[in-house]
Amino acid sequence: MEMAYQTERLELKILDDTASAKVLQFYQDNREIIEKYETDRPPQFYTDQFQKMLLQGEYNLAVKQKSLRFWVQEQGQPDRIVGTVSFHNIKYGFYQCCELGYKFDQRFWGRGYATESISKGIQVIFGELKLHRIEACVLPGNTASQKLLLKLGFEFEGIKKQSVKLHGRWRDHELYALLSEEEPIHSDSGTSSQILRC
């Protein structure tokens, strides 16, 4: 696995703590929209020191292939982050699965950057890490994410009841999943298939 990839228009990079200033700027520029869908952050989250700590931790996890966070930039624009795509809770062995997360600068919505960068990430997960299943959870009513996941080939599987505590209350999430193109494992009777779940 590489630490950087390119698509037609974008660069996806796993960054170290030297990139803390531009990562912090990305979070500050999109604080209102990001916090709407994510868990409460500690006050020190919006500091350079805290971002350095997070980036170093994420880099170490990426080296061990336990969690990957790609920071997305336009080609030729190394000082500006337009989004991030992460594959976390990576499990190997009998599970071979992970969870997808993403967020993009609202000033760059509508350009197809999310589709382009997540598609590349999926290629890495299935092609290089050889995982079998990617899951994504979406708050009901987040139609932009629902449409994005369906466009990427994810299928809606159901509701995870009260799965995340957001802003003081437990919230349901919709579960979507994408499987690799590997053939499913059938039982001896040929009447059912086994799908390993995270």
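The values are calculated or read from the model by the stated rules, or taken from the named source; none is laboratory data. In this text, all values refer to a predicted model and were calculated from it rather than measured experimentally. Here the Cβ positions follow ideal geometry from the backbone for every residue, glycine too, while neighbour counts run over all protein chains shown. Just so you know, the surface numbers come from the protein's heavy atoms only, side chains and all, with ligands and any DNA or RNA stripped out. Shrake-Rupley method; radii C 1.70, N 1.55, O 1.52, S 1.80 Å.
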For region 71-83, give me each residue that is under 15 Å from T18 (Cα atoms) and either touching a helix residue (DSSP H, G or I) at 6+ places or on another chain (Cβ under 8 Å) or in a helix (DSSP H, G or I) (or both). W71, D79, R80, I81
Could you list all residues from region 109-141 that are more than 16 Å from the chain's Cα centre (by Cα), within 24 Å of E35 (Cα to Cα) and of a type outside the set (G, A, S)? W109, R111, P140
Subset of region 141-157 that is assigned to a loop (DSSP other than H, G, I, E, B) and at pLDDT 95 or above - its residue that is least open to solvent (accessible area, probe 1.4 Å): F154
Might you check whether a residue that is open to solvent by less than 60 Å² (accessible area, probe 1.4 Å), out of contact with any helix residue (DSSP H, G or I) (no Cβ under 7 Å at 6 or more places or on another chain) and without any contact (Cβ under 8 Å) to a residue 24 or more places away in the chain occurs anywhere in region 14-32? no
Among the residues of region 69-99, write down those that are under 11 Å from the mean Cα position of the chain (by Cα), farther than 17 Å from A114 by Cβ and open to solvent by less than 10 Å² (accessible area, probe 1.4 Å). C98
Out of region 33-59, which residues are outside any helix (DSSP H, G or I) and either of a type outside the set (V, I, T) or without any contact (Cβ under 8 Å) to a residue 12 or more places away in the chain (or both)? E38, D40, R41, P42
Taking region 22-64 and keeping only residues that are at pLDDT below 95 and of a type in the set (A, V, I, L, M), one is left with I33, I34
